[in-house]
Every structure is written in structure tokens, then in C-alpha cells.
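Written out below as C-alpha cells is the structure these notes cover.
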Protein chains: 4
Amino acid sequence: MSSTPLHARVADSFGRQKLLSTLGARLLRVADGEVEIELPWSEAIQQQHGFAHAGAIAAVADSACGYACLTRMPHGSAVLSVEFKVNLLAPAVGERFVARGRAVRVGRTIAVASAEVVAHSVGKPEACVALMQATMMRVDPRNGAAG
Amino acid sequence: MSSTPLHARVADSFGRQKLLSTLGARLLRVADGEVEIELPWSEAIQQQHGFAHAGAIAAVADSACGYACLTRMPHGSAVLSVEFKVNLLAPAVGERFVARGRAVRVGRTIAVASAEVVAHSVGKPEACVALMQATMMRVDPRNGAAG
Amino acid sequence: MSSTPLHARVADSFGRQKLLSTLGARLLRVADGEVEIELPWSEAIQQQHGFAHAGAIAAVADSACGYACLTRMPHGSAVLSVEFKVNLLAPAVGERFVARGRAVRVGRTIAVASAEVVAHSVGKPEACVALMQATMMRVDPRNGAAG
Amino acid sequence: MSSTPLHARVADSFGRQKLLSTLGARLLRVADGEVEIELPWSEAIQQQHGFAHAGAIAAVADSACGYACLTRMPHGSAVLSVEFKVNLLAPAVGERFVARGRAVRVGRTIAVASAEVVAHSVGKPEACVALMQATMMRVDPRNGAAG
């Protein structure tokens, strides 16, 4: 993990997301307009057939989208999800999943991002298991708690 | 909680969803074409501003949609999420959240459902915090593990 | 058609939507938070199997959503579509279609609406052929051309 | 325009889409998993502010998604839209718009595609005005009318 100012800014907010630590997710990479979040497979994120639950996949994809947009917003901004849509392309089977969020367009108030979630398993090619398209909103947190 | 055959059928599958127990969710009500899932507030589901994370809200709404459709599918069917879209209408603040899933149209293969997630707090009117529209798919589990 | 101020306000904007007249759509009903638009069947809106094209269905549903929100925005506001998602529930067969838009939540900047599109045919029960969930944005038109 | 068998197969279906000719759209390019549709600006597709209406943009994006999937389906297949979601990224201003559909995953029954719609104006850089994520379904037309 790098320790650029951009990374620090996202990492600070990420650390306060209890759900992401509940799921075991961690911040993998932060670049201009791009954020990757890793979700290791664990029993805690399972759905009824033993795959990762769509809700867990959506949680990391949504956060990757939000943070990808945040990297292109003015300092002190916070980002909220307006809405997201996710297609589950294949059963989420793997040892770990990586959500790659990418800012598509960041306006003054509204931002649009997309994310793909890729499953990794030793000895197998990576497989895209989900595709998200999301709308985010920039907010000015009055209390100084950015991100 | 009732103990109708319909309820038992959903409860059996629900009990195998580890993510839902990780989040603290529980099955509240099962009726023909309608399922309610409760998510009590806890630190474990928080996002960075102290609200419930959109991913946790999406997880219970998605499950409520899927099970609402399952109640109208032939016995032995299982249901998978094809895609869902969720609008976050207001910050998810409350003591507990209830996701109310409703089957809109259940076809032979494809089903469509919608859900709203309502926040409850003592002494306050209930507030709708999220709205979902989802597409589900019926599958015939070969191994007999329905739901 | 009524001639309330609310109706006049929507009708004025509706009249400037060339696409809607290209499709043959007309404004049916305007109420607080609710707008109905009618789309008569014609060859001009057909897709390759002889049904109404999803794009035509989406056009009237999107407009019904936008105007439903506009009825709850301050005078002089204009409304733009941020995004919409539409499920096609059944082949769009009928003599006429009615898109019923309903404002779900209208905030200062962002609004959320839903719409259903119902097909009507003489001698048959009405059938819901599409369901939309949409996000709208309020804008202040500088040039005074509201709506 | 090429005259490959793949192109001919899509063009045949495209020619039966009356809505697309009503809007003035034409088939620009067909390749394996990729289809481009052009929509020239005209008054007929305008919304109330003089931009192209979101419904017209959605119509060409939806068709580009559907045909992109069709190129990867067995001969004799037809494709229907299950649902689509479109973000309007910027006002649709331009002399012509090009919807570029791309098949993301084509399964036995369900297919997922994405599309971007780009605006072209002489002397200006191209601008992405819309982003779509869509779910399609393969059907076996009994009457032999494929596409």
C-alpha cells in the first residue's frame, strides 16, 4: 500500500466504515479516479448456496465507486451514494474478490462511477462476477468529518 | 413469527445465509408474494458517517426481494439475483430497519420484485430510506438444496 | 383534461418535448406528485417483433417520472433526468399505454420517482408492462424557460 | 457498412424496428460482441430544453446492447430487453450521437451488456453523454422471425 496524500485521504474514511471491517474488506489501491477494495472469502459473507452474498459484493463495489469519485472531488468533500445498480454476472466463487471502482464523470454535485468485481482463485483465471453503475453525490460535511 | 409451510420454506433458506446473520438480520414475516426482513442498528453495519451502510441496506432488500419471489415459485425452486438497483432516499438512521420485499411479476424463469426499506426509531414517524427494483432468476438446484 | 395551474405548468413544458409528439404521446393527468402520459399504439413505435419498443416505453415513463417530481418543486424549477432503470415485465402489446409517474421523494436538489406503464386493450384486463425507478435533478434555468 | 453474415443478421432485425427509423437512427457497425448505432440530431428527438430526449438516447443504447448480445447468441435466436439502467452524464447536445453497445457476458438465457452514447459535433471533442448497463434475454422465436 502506498502512502500518498490521496491514499491517506481515502484510507482515513475507509477506516471509519465499520461494515467494511465486519466483512473483512481492505483498501487495496488508490489512484486518481480509481480505487480497489479487496474482499477475502469467508463464511461470514456467504449466501444460502455458499457463494458470496450479492449484498457483500454490492457493499465493496459501492464503496469502490464512492471513493473513486472522492479522489476527484475538492478536499473536505464527503461522498454519499444516491443509487447504484449491480448485475451479478456469475456465482461469486473465489478465494478473494477485488472491486475496481472507476470515476466516469465527477460534476459539482453529482458523480457517476462504475465498478467491476473480479474473483481470484489459485490456479484459475480471474472471473468478473459483478458489474456496477452508480450515482454519487458530493456533500460538504459541516462537522469536518470528510469522506 | 408464524410457522406456515411458506414461512418454513423461506426460513430454511434464510438460516443458511451467513451474511444475514453476520449483519444481525432476521426474518420478520412471510406471506404470499411478500417478505419482511429486519435489520437492527449496530455498529457492525455502519458506514463512515455513522449511518447504516448502503451495502447492508442493499443486502436485506435484495434478500427480501428474492424471497418474495420464491414464495410464488414451484416447490424445490431456488432463486438467484440477476441484478438490483437501489435508491438511497435518506441517511439510514434508526434503531431498526425493515426491508419489505414484494413480488411484482414471477415468470417461468425471470421474476421482478421491488422493496422498500423503512427506518424505525422510538418516538419518530417511520421513514423510507431506500427503494429497490430487482430482477431474480429461478433455478432448479440439482442437489436438492432449495431456496 | 383539467386546467389547474399545476396542469398548465406541466403542459407548457410537455408541449415543448418534440420527441413526445413524434411518438404520439399526450399528457393525460396532472396531480400533486402524480402525472400520467398516454402513448397510443402506432407502427412508429414498434420494435422488431411488433411490440412497442422499450425506448418508447422508457421515454413516456421517464417523462412521467420527471413531471411527477416537477409538481413538487418550487415554481420556476426545471427537471433533468439523472438516471433511470426500467424493467420490461411483459411484451408491450396493447391499443394504448399509460405511464403513471409518482414522486417518491423530492429533495432540494435530488428527487426520486417511480412509474408503471400499463397496457390497455378493449376486452382485456389492463396489464403492467414496465416498471421504472428514476433519479431526477432540479435545476434553476437561467433563461426563465422552466420545466 | 460491411456486408458480413453477422452484419446482415443484425441489419435484418434492425430494419424491422420502426421506432429506430422514426427516430432517424441507422446501424453503423456490427462486430463480434459490439454494435454501433448512429442517431443524427433532429427536432423530432428533442426534449423541452432542446437537447436529445433521454428516451431517444435510451432507445438507441438499448438496441445497441441487445444487438451486441445477439452477435454472440446461436443463429435463430431473438433477443428481448429484460431491463436497462441509463445514466445521463451530460446534456445530449451534438450533431449526431453514436451508441456503442458491448456484450459483457452472454449466457444460455441471460445476457448482460453495456453501452455508452457519445455526442459528436464538428470542431469539438467527442463527449460521452450516457452510460447504460442492461440485461437481455435470449428467446427462441417459434415463428422463425429471428432477431
Please list the equivalent ellipsoid semi-axes of chain D, computed as the square roots of five times the alpha-carbon gyration tensor eigenvalues, in descending order and whole angstrom.
-> 26, 15, 14
Copies compared at B:PRO5 - label distances in nm, ascending, label defined 7 Å from Cα in the Cβ direction = 5.1, 5.9, 6.7
With Rg from the Cα atoms and Rh as the Kirkwood inverse mean 1/r over Cα pairs, region D:37-117 has an Rg/Rh of 1.03
Of the listed links C:LYS85/D:LYS124; A:LYS18/C:LYS85; B:LYS18/B:LYS124; A:LYS18/B:LYS18; A:LYS18/A:LYS85, those spanning more than 27 angstrom between alpha carbons are C:LYS85/D:LYS124; A:LYS18/C:LYS85; B:LYS18/B:LYS124
homo-copy label distances at C:GLU95 (7 angstrom along Cα-Cβ), nm, one dp, ascending, are 4.6, 5.5, 6.5
Protein chains only, probe 1.4 Å: how do D:HIS120, C:HIS75, B:HIS53 rank by accessible area, largest first?
-> C:HIS75, D:HIS120, B:HIS53
Hull surface over four for the Cα convex hull of the protein assembly as shown, reported in nm², is 27.7 nm²
Range in chain B, longest, excluding exposed GluC sites (Glu not before Pro) [loop by DSSP; at most 12 other beta-carbon atoms within 10 Å] | B:1-94
Relative to the longest principal axis of the C-alpha atoms of chain A, give the angle of the C-alpha long axis of helix A:5-15, reported between 0 and 90° and rounded to the nearest 10°.
-> 60 degrees
For helix A:54-70, what angle does its Cα long axis make with the longest principal axis of chain A, in degrees from 0 to 90 and rounded to 10?
-> 30 degrees
Neighbourhood charge, 13 Å Cβ-Cβ cut-off, centred on D:THR135 and excluding it, Lys, Arg +1 and Asp, Glu -1 | +3
Could you give, in nm with one decimal, how far C:ARG26 is from each other copy of that position, shortest first, with labels 7 Å out from Cα toward Cβ?
-> 3.4, 5.7, 6.6
Over region D:82-145: Rg over Rh, Cα atoms, Kirkwood Rh | 1.13
Output the Cα-based Rg and Dmax of region C:13-75 in Å, rounding Rg to one decimal and Dmax to a whole number.
-> 12.5, 43
Shielded by partner chains, region A:56-94 residues - at least 50 Å² of accessible area, 1.4 Å probe, vs chain alone = A:VAL82, A:GLU83, A:PHE84, A:LYS85, A:ASN87, A:LEU88, A:LEU89
Out of region D:38-147, which trypsin sites (Lys or Arg not before Pro) are coil in DSSP terms and have no more than 11 other C-beta atoms within 10 Å?
-> D:ARG108, D:ARG142
Dipole of region A:1-135, positive direction: furthest Cα of A:ALA134, A:VAL86, A:VAL118, with charges on the beta-carbon | A:ALA134
Can you check what the net charge comes to around C:GLY33, using other residues whose Cβ is under 14 Å from the Cβ of C:GLY33 (Lys, Arg +1; Asp, Glu -1)?
-> +3
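The values are calculated or read from the model by the stated rules, or taken from the named source; none is laboratory data. Remember, predicted model here, so these are calculated numbers, not experimental data. Reconstructed Cβ throughout: ideal geometry from the backbone, glycine too, with neighbour counts over all protein chains shown. Accessible surface is based on the protein model in full, side chains and every heavy atom, while ligands, DNA and RNA are left aside. Shrake-Rupley method; radii C 1.70, N 1.55, O 1.52, S 1.80 Å.
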